[in-house]
Each structure stands twice: as structure tokens, then as C-alpha cells.
1. Leaving out ligands and nucleic acids, and using a 1.4 Å probe, what accessible area per residue does segment A:254-402 come to in Å²?
2. Give the aspartates and glutamates whose C-alpha is closer than 12 Å to that of B:Lys183, dropping any in the same chain fewer than 8 places away, or say none.
3. Of A:Ile173, A:Ile359, A:Ile246, which is the most mobile in a GNM of chain A whose springs link Cα atoms less than 10 angstrom apart?
4. For chain B, with all protein chains present and a 1.4 Å probe, just round the carbon and sulfur fraction of the accessible area to a whole percent.
5. Over segment B:85-132, what per residue volume does the convex hull of the Cα atoms give, in whole Å³?
6. D for segment B:49-165, whole µm²/s, Stokes-Einstein with Kirkwood Rh over alpha-carbon pairs at 20 °C and 1.002 mPa s: what number?
7. For a quick check, take a GNM of chain B with Cα springs below 10 Å and name the residue from B:His145, B:His91, B:His71 with the largest mean-square fluctuation.
8. Setting aside same-chain residues fewer than 8 positions from A:Lys7, which lysines have a Cα under 24 Å from its Cα?
Amino acid sequence: MLWETFKLALQAILRNPMRSFLTVLGVVIGVAAVIAMVTIGAGSSAQVTSDVETLGAKRLMLTPGQARMGPSSPGTTARAFDLGDVDQLESELSSIATAAPAASGQQVVVYGNENYRTTVTGTDGRYLLASEWEIASGRKFTSAEERGRSVCILGQTVVDELFATADPIGEDIRIKSLSCEVIGVLEAKGASSFGTDQDDLILMPFKTYARRIAGSSDVPMIYLAMRDGVSTDRAISDVSALLREIRRVRPGETDDFTVRSMEQLATMLSGINSVLTGLLSAVAAVSLLVGGIGIMNIMLVSVTERTREIGIRMAVGAQAGQVLLQFLVEAIVLSALGGALGIVLGLGLAAVGAQLLSIPFIPDLSIIALAFAFSAVVGVVFGYFPARAAARLDPIEALRHQ
Amino acid sequence: MQNSKVTPLISLRGITRVYGMGEAEVRALDGVDLDVKAGEFVAIMGPSGSGKSTAMNVMGCLDSPTSGQYHFNGVEVAGLDQDQRALLRRHYLGFIFQGYNLLPRTSALQNVELPLIYKGVRRDEREARALEALDKVGLAERAHHDPSELSGGQQQRVAIARALAGDPKVILADEPTGNLDTKRSSEIMELMQALNREEGLTIVMVTHEEDMAEYADRLIWMVDGKVAFDRATQKGGK
Ligand SMILES: Nc1ncnc2c1ncn2[C@@H]1O[C@H](COP(=O)(O)OP(=O)(O)OP(=O)(O)O)[C@@H](O)[C@H]1O
Ligand SMILES: [Mg+2]
């Protein structure tokens with residue numbers, strides 16, 4: 001009998017396919033939105049995680065002064081680091097494997113007729129060690145070069161912009177008044193989770209940068225790589241303790257420097273990410289609810305429209321329970337069909353979205369199951385009330401309905 | 001009348017049906033006494049508003065009387081709940097309405113199958129029996145047409161087939177020819193008469209037309225919710 005009812009429901013749905021489709025459109029869109037949001041959210045979370053892994057979860061960044069939210073107040077500018085600090089951090093701390101200085105600025109670089117604005121970073125070979133970055137062609141700085149020669153290593157984007165397909169190794173580019181020989185090209189890294197292009201940079205020896213471009217030997221930032229097996233917390237406390245000593249921060253005073261870990265960054269990023277996903281999913285869930293109300297509305301209308309049908313069915317011997325079951329099954333079948341359609345649509349959207357955002361496409365089975373179950377529940381809840389209204393009718397009232 | 005010892009199939013005693021309350025009260029049925037025996041073909045006539053349809057609906061368990069006793073095949077219907085009445089309709093009654101009342105966008109065959117679905121008849125047998133019923137009304141070759149593709153007379157014949165398909169004891173027909181021209185009406189009436197004569201079906205039929213009533217054996221005349229007279233027709237008298 002249930003199978004029979006199921007077939008009857010399917011028949012009733014197919015008897016007016018256009019109306020049936022419009023009825024479930026709300027649920028289709030709602031489910032599709034939820035599935036697409038959650039799938040894309042999962043994809044971008046995975047992207048952040050893998051980005052952080054390539055960035056190096058074992059990296060710390062040091063900047064002078066306290067990081068503050070909002071505009072920095074003047075007069076509290078803390079003293080910059082110097083190269084001695086870098087060496088001390090590397091040699092004195094067992095938790096730190098490598099320390100590298102970094103000073104950066106935006107500069108216009110010129111090669112032939114081409115010019116291009118990019119970030120120029122003064123650092124040394126330890127930077128590549130700390131960030132586990134390899135050279136794609138050419139070579140790293142020699143120690144002689146690190147003492148102040150005019151050489152540079154280009155990121156892939158800079159190569160593309162200035163040289164197109166030509167080989168940049170051995171060519172001279174100009175940065176400000178400095179003419180500088182290209183000795184290497186970095187391996188391409190692609191976009192970071194922030195969406196910034198990590199390959200859009202030029203590296204040169206720190207001393208060259210300090211003397212010829214920045215005009216100061218301050219070290220505005222230090223990159224640290226932790227030793228394997230060292231916890232981030234321990235590394236941070238070691239670094240803080242040493243820096244407080246070097247910089248003579250008295251006990252009780254706050255640090256005049258900031259240690260940031262990539263892990264913190266990752267947590268922050270995935271935090272933002274999950275808040276966003278949550279918000280969008282909530283919006284999508286509301287649309288699912290609206291879809292459900294749409295079903296209820298149409299079911300109610302169709303009960304009125306089909307009151308005569310109910311009367312006829314009762315006249316030929318249908319019991320109230322059977323009419324109830326019929327409408328209920330019809331509502332469930334309809335919304336389950338809508339749910340299935342929504343899942344297909346949502347996954348399709350997510351796949352396209354993942355492609356466009358170049359994040360992995362990770363369909364979450366439990367969410368799919370949940371969305372499907374939810375749409376069926378929507379059918380039960382919103383199908384029940386109209387069905388009950390139908391089943392309560394007196395046969396003659398139903399039949400008299402014009 | 002004849003066979004007065006046999007329990008009547010339908011027996012109404014002091015049946016009233018009151019609509020509304022107070023000032024707006026309408027006594028659609030006002031103490032109806034009526035017996036219909038198995039195998040009878042009864043026509044009910046009377047002026048508009050005299051309670052004919054109400055009486056049919058009460059007999060068909062589509063409506064409940066306000067007071068009085070209704071025995072169907074010896075069972076007091078007032079004691080039955082909605083579901084039991086549905087069962088009674090399912091197994092004993094077939095309806096034919098003035099407006100046909102076929103399901104739209106549903107083939108003639110599926111319409112006729114409807115009572116069999118609720119009787120729990122299996123699909124293949126259901127189809128065979130529905131086809132058989134359609135064949136009886138001469139519409140077997142229209143089995144797969146929608147009601148919208150059929151003429152009024154054909155639609156009413158589908159409705160008759162539907163009433164027959166469930167193998168009822170009684171057919172209750174409220175103005176079955178009300179929407180049809182004279183020629184179609186006669187065809188329908190001949191069909192009903194044949195069913196009554198050859199298959200022994202009990203038929204109660206409301207009509208406004210003297211000519212149609214003449215196909216019945218017995219004529220009941222209603223006025224103001226009461227039975228004014230109850231006599232054999234000319235045919236029935238013979
Ligand atoms: N649902 C209802 N609510 C209120 N009054 C009703 C209702 N149904 C019928 N009546 C009243 O009951 C009386 C009998 O109605 P009924 O339909 O039985 O008449 P009828 O003899 O079948 O008339 P007709 O020949 O026009 O079909 C009428 O006065 C009608 O107005
Ligand atoms: Mg009437």
C-alpha cells in the first residue's frame with residue numbers, strides 16, 4: 001500500500017509538472033545555496049591549511065613595536081632590530097634553526113623599455129632556508145655577494161613582467177639608481193590565502209639594500225625558522241626572553257617587539273573563513289526555510305484546488321488516514337526531489353566556484369545527507385498541515401467545493 | 001409491497017438533516033421514512049430544494065443526519081465512525097454525480113481504477129476490472145483518454161464505470177443525466193436499467209425529468225424535506 005501511495009504521489013506530481021517544479025524551486029535553491037556555500041567554505045579552509053603548510057607552519061616573524069589594531073600612535077616607535085640581533089637569535093637559541101633579516105619596499109624596476117613596480121626585499125640566503133624556498137634557475141647569493149654586491153633574485157611574476165619569455169639570468173635590471181645583475185629566479189609559489197601574489201618580489205643582499213636603497217642598516221623584520229620538534233609556544237617564549245634581554249626591556253614592561261607565528265595567522269585566517277562560511281550558510285539556511293514555506297503554501301493551495309479530488313477519493317472509499325498519507329507522501333516525494341535537484345545544482349555551483357577561486361573541491365557527504373534529510377523533513381512538516389486539513393474534510397463538503 | 005419480509009437494504013426512519021442554526025435554520029430533511037430493497041430501481045423527484053440531494057448524501061454516508069435512524073443492510077450507520085463509513089462506501093456503494101466528478105488530467109482507466117485502489121486490488125487485476133467496467137459502458141477504446149477529451153455523455157459513462165468497478169450493492173445517482181441532452185440521457189438510462197435488470201444492482205436515482213424516472217420501478221416524490229408520495233412507476237407497476 002505504501003508503494004502504491006508512493007506511485008500515486010509521483011503520478012500526482014507529474015500530472016502538473018510545471019506547478020510541481022515551481023513548488024520545489026524554493027527548496028532547490030535553498031539546498032543548492034547551502035551545499036555550494038558549505039562546499040566552497042570547506043575548500044577554502046583546506047586551501048588556507050595547505051597555504052600555511054607551504055608558508056611553513058614552523059615560521060615566526062619578528063617586528064619591532066607592539067602590534068596594535070587601528071592606527072599606530074606616534075612617539076611609541078620602537079627601535080628597529082640590527083643584524084647583530086639576527087645572528088644572536090640564530091646562534092644562542094636552540095629552538096631556532098635559522099634567522100633571516102628582511103627589509104622591504106615598493107620600487108619601480110626597469111629592464112630595457114619595460115618597467116614594473118614590485119616589492120624589493122633585502123635579505124640573505126637564510127631567508128630562503130627559513131621559508132623553504134627553492135631557486136628555479138640560476139643560483140643563490142654567495143657570501144661575497146652578501147657583503148654588498150649588486151645582484152638580485154627575481155620572483156616568477158617579475159620575470160614574466162620584465163622579460164616575458166627571455167632568460168633573465170645574467171641580465172642587468174635597474175632599481176632606483178642601482179644597476180643590479182639577475183643571478184637567479186625563485187620557484188613559483190602562486191597566490192597566498194590573502195590573495196596576494198607571493199611571486200611578485202625581488203630579493204637582493206640585505207647589505208646592498210640597506211646601503212643603496214633604504215639608506216639605513218635597520219632590520220625592520222626578522223624571519224625565524226623553528227627547529228623540528230620545537231613547539232611554537234616554546235620558540236616564542238625563548239625568542240621573547242632573548243629579545244627582552246638584548247633590548248633591555250625591564251621586567252613588568254611590555255615587549256617592544258612582536259612575535260607572530262604562521263600558526264596564529266592560520267588560526268586567524270580559518271577563523272575569518274569559518275565565520276564567513278557560517279554567515280553565508282545561515283543566509284542559505286534561511287532561504288531553505290523560505291523554500292519550505294513555499295512548499296507549505298503551494299500544498300495548501302493545491303489542497304483547496306484539489307478539494308474535489310479529495311471528495312471524490314473519499315466517496316469511492318478512501319479513509320481520512322489514506323488521504324493524509326497520500327498528501328504527506330506527495331509532499332515528501334516532492335521536496336526530496338527538490339532536495340536531490342538542489343544537491344546536484346549546489347555541487348555543480350561549488351565545483352565551478354572552486355575552479356574559479358582555484359581552491360580544492362571537497363564535497364562533504366554529511367552536509368549532503370543533512371541537506372537531503374532536511375528537505376525531506378521540510379516536506380513532512382510543511383506537507384503535514386495541508387494534508388491534515390484535507391483529511392479532515394467531510395466528503396460532501398469536499399465534493400460540493402466548486 | 002412484494003417481499004416485505006426481507007430486510008430492506010436501505011432503511012430511513014424519521015431522518016432529519018438541519019443546516020445552520022436559529023433564524024438561518026434550514027430543515028433539508030424533515031422526518032423522512034424510506035425503505036429501499038435490494039434489487040430495486042428507485043427514482044426520487046421533487047421541486048428544487050426539497051431535499052433530494054440531501055437524502056442521497058445521507059444514504060451514501062457522505063453526510064450525517066441530524067437525527068433519525070439509518071440502517072444499511074441492517075446496520076445502524078449512526079454508530080459508525082468516519083473510517084467505517086468510508087469502508088461502507090468502499091464496499092457497498094457507488095456514486096454517480098450530475099457533474100461527473102472525474103479526476104482531471106487522469107485517464108478514463110485510472111479514474112475507473114480509483115475505487116479498486118482503495119479496495120486493495122492488485123495492479124493487473126485492477127486494470128482488467130476497470131477495462132471490463134469501461135467495456136460495459138461501451139468505452140473500452142477510450143480507456144486512455146483524459147476526461148477533457150471526452151464528451152459529456154462519455155464522461156458520465158466513465159463515471160458509471162467507476163461506480164460499477166468497485167462491485168457495489170447500491171448505485172446512488174444524483175441527476176446523472178442533468179447535464180446531458182435527451183438522446184445521451186436515454187442511453188445512460190438504458191445502461192442503468194440494464195445494470196439493474198441484468199446484474200441485480202440496486203439503484204437510487206434523483207432526477208428532474210419524468211421521462212428518466214419512467215426507467216425506474218418506483219418513484220418517490222419529495223416536498224419540503226418529506227416524502228410526499230411513494231408509488232410504482234408505470235413500468236414498475238407492470
Ligand atoms: N451545505 C448546506 N448548507 C446550508 N443549507 C443547505 C446545504 N445544502 C443544502 N442546503 C439546503 O437544504 C435544502 C435541500 O437541499 P438539497 O440540495 O437537498 O435540494 P435538492 O432537492 O437536491 O434540490 P435540487 O433539485 O435543486 O438539486 C435546500 O433548501 C438547501 O438550500
Ligand atoms: Mg440536488
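The values are calculated or read from the model by the stated rules, or taken from the named source; none is laboratory data. All of these numbers come straight from a predicted model, not from anything done at the bench. Cβ atoms come from the backbone with ideal geometry, glycine included; neighbour counts cover every protein chain shown. Please note that ligands, DNA and RNA were not included when accessible areas were found on the heavy atoms of the full protein model with its side chains. Shrake-Rupley method; radii C 1.70, N 1.55, O 1.52, S 1.80 Å.
1. Details: 6900 Å² over 149 residues.
The answer is 46 Å² per residue.
2. Filter leaves B:Asp211.
3. Top of the fluctuation ranking is A:Ile246.
4. Values: 4880 of 10520 Å².
Carbon and sulfur atoms account for 46 percent of the accessible area of chain B.
5. On the way: hull volume 4.2 nm³, N = 48.
Convex hull volume per residue, Cα atoms: 88 Å³.
6. Values: Rh = 15.3 Å.
My calculation gives 140 µm²/s for D.
7. B:His145
8. In chain and number order, the partners are B:Lys119.
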